1. How far is it, in nm, from the label point at LYS136 to the one at LEU15 when both lie 7 Å from their Cα along the line to the Cβ?
2. How many angstrom separate the Cα center of the range 14-75 from the Cα center of the range 111-145?
3. Over the chain, calculate the relative contact order: mean separation of alpha carbon pairs under 8 Å at least 6 apart, over the residue count, as a percent.
4. Assuming a strict under-28 Å limit between Cα atoms, what lysine pair count do you get for the chain once near-sequence pairs (fewer than 8 apart, same chain) are dropped?
5. Cα-based Rg (one decimal) and Dmax (whole number) for the range 39-145, in Å?
6. With each run of n ≥ 4 DSSP H residues scored as -39500 (n - 2.57), what mean residue ellipticity at 222 nm is computed for the chain after dividing by its residue count and rounding to the nearest 500 deg cm²/dmol?
Amino acid sequence: MAAVSRADTVWEGDLTSGQGRVKVASGTFDEFPVTWSSRAERQHGGTSPEELLAAAHAACYSMALSNGLSKAGHKPERLTTTAEVEFVPGTGITTSTITVRGHIHGIGAGEFQKLAEEAKDGCPVSQALKGNVQLKLNAELDHVH
């Protein structure tokens, strides 16, 4: 059975001077505002669809890499992942850059890089973006003694 996620938005007014409120059905966090200025100019507090996409991509990627590491026989202790989604007004979402730092005993940099690339290509959010958004990856291991 498919897992369905839901969010609802009410938007009032035109694009540049209007505003909206977004609510997630899970209730995990409170309803929050969105505006054009928070999206295009990253000003005035507020979030944007791209920031929410970045959160989704970072979480999804971390889960995919954790799974790939485990399947390859490694025990990931900690993955610190950042996703930066670039929005160009008039063009759209152009790139999602994932930066991951792994704290894993007993893995070499080459294998970590290979598994990190596989996770970039295989995570469901990456799959949804593929062909429309350039996906970039920076993967690094912590020096574990």
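Here, each number is a calculation from the coordinates, and none is a lab measurement. Note that the structure is predicted; figures quoted are calculated from it, not measured. Quick reminder, even Gly has a Cβ in these numbers, built from the backbone with ideal geometry, and neighbours come from all protein chains shown.
1. Distance between label points: 2.5 nm.
2. Cα centroid to Cα centroid, the span is 18 Å.
3. Working: 240 pairs, mean separation 25.3, N = 145.
In percent, rounded to a whole number, it is 17.
4. Eligible lysine pairs with Cα atoms under 28 Å apart amount to 12.
5. Reported Rg and Dmax, both Å: 14.8, 49.
6. Values: 4 runs with 48 residues, N = 145.
The helix contribution divided over the chain gives -10500 deg cm²/dmol.
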